[in-house]
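The structure under discussion appears below in the form of structure tokens.
Throughout, read-outs are computed from the coordinates displayed, never taken from laboratory work. Keep in mind it's a predicted model, so treat the numbers as computed, not measured. Counting neighbours? That spans all protein chains shown, and the Cβs are built from the backbone with ideal geometry, glycine included.
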Amino acid sequence: MEINTMVKFEKRTLPNGLRVLVHRDETTPLAAFNLLYDVGSRDEVPGKTGFAHLFEHLMFEGSVNVADYDRQLQFAGGENNAFTTTDITNYYITLPAQNLEVAFWLESDRMLGLDFSEKKLETQKKVVAEEYRQSYLNQPYGDAMLMLRPMAYQIHPYRWATIGQDIEQILNAGMDDVKDFFRRYYNPSNAILCVSGFVDPQEVFRMAEKWFGDIASGPENGRSLPAEPRQMEVKRKEVFGDVPQHQIFMASHMCGRTHHDYHATDLVSDLLANGESARLTREFVHERKLFSEANAYVTGSIDPGLLMVTAKLHEHISPTEAEELLRHELHKLTKALPDDREMRKVKNRVEATHTYFESSVLAKAMNLCWYELLGDADLLNRQADAYARVEPADIRRVAEEILRPGNLSILHYGKRKD
């Protein structure tokens, strides 16, 4: 058992491999129940993509014992949702703390015996296919990452989005595929559970043993994903669609989430476009009024991810000129150290953001699960120090590698001409 400071938690691992973490928070009458499965779209194979996300939907179709998951949870005053990323599938519930055992009952029940039927599978395949159309194909710029990912990644499964490579792969998913996916990934040894709220840790551990303890651990899922080769040449593509204005998307390969340079890379994105005084925002949006919007962010994926820079252009600047200006601004980070004031500002912003997002019981439950998956839940308590240790020289060093010209994949998404 472990007890930690700051976001204090206790941890136990059941004999079947389920890791259980508990954070007691006496400031709220609520409890958050977060169940993370170590499976995302990176665990899919070409030709059968979108399964992790499809399965997220199937999990709400009910188990063999509980036909209406949502109805039972609502009786207990609870709410729930889920999300899928390239790396994980995450299910969460918030409810009054005194009704916490309902969450244990419902989640253990569908882990043990999901109700598979051709009818339910067909229903959810149609739902996901419609989501694909509405969120990716019929949304302005919605398909940008569907195009940019396979430009940046040649062999790693990050080359397709969580939604999948195309609708047909989702519609062609068969019952045998779905059952195999469930058996392989939806079991205690592939899951992490965290409860946060006004709860007794010992009682939580008792409920975990009661509801999950007799579920078989499941097979070992050793990963052997291909490493993406170092990109040496600029890749570019130009497309046109029904969008309000021209947008530039730039992707640069970066380190993975557990790499020692991750925090410096994240600060590179903040220096570029986090806040009104950030470089791209100040220079091109406010002062020169060339862009209506500029953004920069890191994907934060477990395996080596992407630093993204995007800009929406006003009509009086050409895409070619805008790209050159962007690349020139990126190049500055590789040549000159940011000053102390600029570093202090972005670090303060990061600290404030982390403090805000760790304020709720649900955020703490999610984060404890996430950092436990990364190797140690207590990493949550060490994030502020990790950012604080980043020096200006670290910024320039990682920028020289990440923002080198040959590491860029550039997508121009233009407004279709009448």
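Estimated from helices alone, the mean residue ellipticity of the chain at 222 nm is -11500 deg cm²/dmol (sum of -39500 (n - 2.57) over DSSP H runs with n ≥ 4, per residue).
If the viscosity is 1.306 mPa s and the temperature 10 °C, what translational diffusion coefficient in µm²/s does Stokes-Einstein give for the chain when Rh comes from Kirkwood over Cα pairs?
Translational D for this selection: 69 µm²/s.
In plain terms, the chain from Lys119 to Arg230 could stretch by 35.5 nm, reckoned as 0.36 nm per residue minus the Cα-Cα distance.
Along segment 49-61 the Karplus relation, 6.51 cos²θ - 1.76 cosθ + 1.60 evaluated at θ = phi - 60°, assigns HN-Hα couplings of 9, x, 5, 4, 6, 4, 5, 4, 5, 4, 5, 9, 7 Hz to successive residues, with x for each Gly and Pro.
In straight-distance terms, cross-link reach from Lys235 covers every one of the lysines whose alpha-carbon lies under 18 Å from its own, apart from those fewer than eight places away in the same chain; here that gives an empty set.
For segment 106-256, the relative contact order is 32 percent, taking Cα pairs closer than 8 Å that sit 6 or more residues apart in sequence and dividing their mean separation by the residue count.
Taking amide H positions as modeled 1.01 Å from N, with prolines and chain starts lacking one, no residue 5 or more places away or on another chain lies under 5 Å from Gln231.
Grouping the Cα pair distances of segment 50-170 into 10 Å bins from zero gives a pair-distance distribution of 12, 37, 30, 18, 4, 0 percent in increasing distance order.
DSSP bridge analysis restricted to segment 235-415 gives an antiparallel fraction near 75%, rounded to the nearest 5. Assuming charge only on the beta carbon of Lys and Arg (+1) and of Asp and Glu (-1), the dipole of the chain about its Cα centre is about 900 debye to the nearest 20.
Under a Gaussian network description of the chain, with springs only between Cα atoms under 10 Å, the residue in Ser359, Ser41, Ser252 that fluctuates furthest is Ser359.
Its Cα gyration tensor gives segment 235-415 an equivalent ellipsoid. The semi-axes, each the square root of 5 times an eigenvalue, are 29, 18, 16 Å from largest down.
The 3J(HN,Hα) values that the Karplus relation (6.51, -1.76, 1.60; θ = phi - 60°) gives for segment 28-41 are, in residue order, 9, x, 9, 9, 10, 10, 10, 10, 9, 9, 7, 7, x, 5 Hz. Gly and Pro appear as x.
Seen against the Cα atoms of the chain and their longest principal axis, helix 340-357 is set at about 30 degrees. Sequence-distant contacts, meaning Cα pairs under 8 Å at least 6 residues apart, place the relative contact order of segment 235-415 at 38 percent. Each residue of segment 200-217 was assigned a 3J(HN,Hα) from its phi angle through the Karplus curve 6.51 cos²θ - 1.76 cosθ + 1.60 (θ = phi - 60°); the sequence is 8, x, 5, 5, 4, 4, 5, 5, 4, 5, 5, 9, 10, x, 9, 8, 4, 5 Hz, with glycine and proline shown as x.
Placing a pseudo-label 7 Å from each Cα along the Cα-to-Cβ vector at Glu101 and Arg133 gives an inter-label distance of 4.6 nm.
If a spin label sat at a point 7 angstrom from the Cα of Tyr356 along the line to its beta carbon, the backbone N atoms of segment 375-407 nearer than 18 Å would be those of 384.
Student exercise: in segment 10-212, how many lysine pairs 8 or more apart or on different chains have Cα atoms under 15 Å apart?
Here the count comes out as 5.
Protection proxy ranking for 31-40, 281-290, 253-262, using the average of other Cβ atoms within 10 Å per residue and placing the highest first: 31-40, 253-262, 281-290. Straight-line cross-link partners of Lys347 among the lysines, defined as a Cα under 30 Å from its Cα and at least 8 positions apart when in the same chain: Lys8, Lys289, Lys312, Lys332, Lys335, Lys364.
Under the 0.36 nm per residue contour assumption, what length would be gained going from the current alpha-carbon distance of Met175 and Ala393 to full extension? Before the final figure, lay out the partial values.
On the way: separation 218, 0.36 × 218 = 78.48 nm, distance 5.35 nm.
Fully extending the segment from Met175 to Ala393 adds 73.1 nm.
Extending 7 Å from the Cα toward the beta-carbon at both Asp242 and Glu287 defines two label points whose distance is 3.9 nm.
Could you work out the equivalent-ellipsoid semi-axes for segment 10-212, taking the square root of 5 times each eigenvalue of the Cα gyration tensor, largest first, in whole Å? The partial results should precede the final answer.
Details: eigenvalues 200, 65, 55 Å².
Rounded to whole Å, the semi-axes are 32, 18, 17.
For the pair segment 325-390 and segment 232-299, the centres of their Cα atoms are 17 angstrom apart. Taking every C-alpha pair closer than 8 Å and separated by at least 6 residues, the mean separation divided by the residue count of segment 10-212 gives a relative contact order of 41 percent. Taking amide H atoms as placed 1.01 Å from N in the peptide plane, the amide H of Ala32 lies under 5 Å from those of Ser196, Gly197, each 5 or more residues away in sequence or on another chain.
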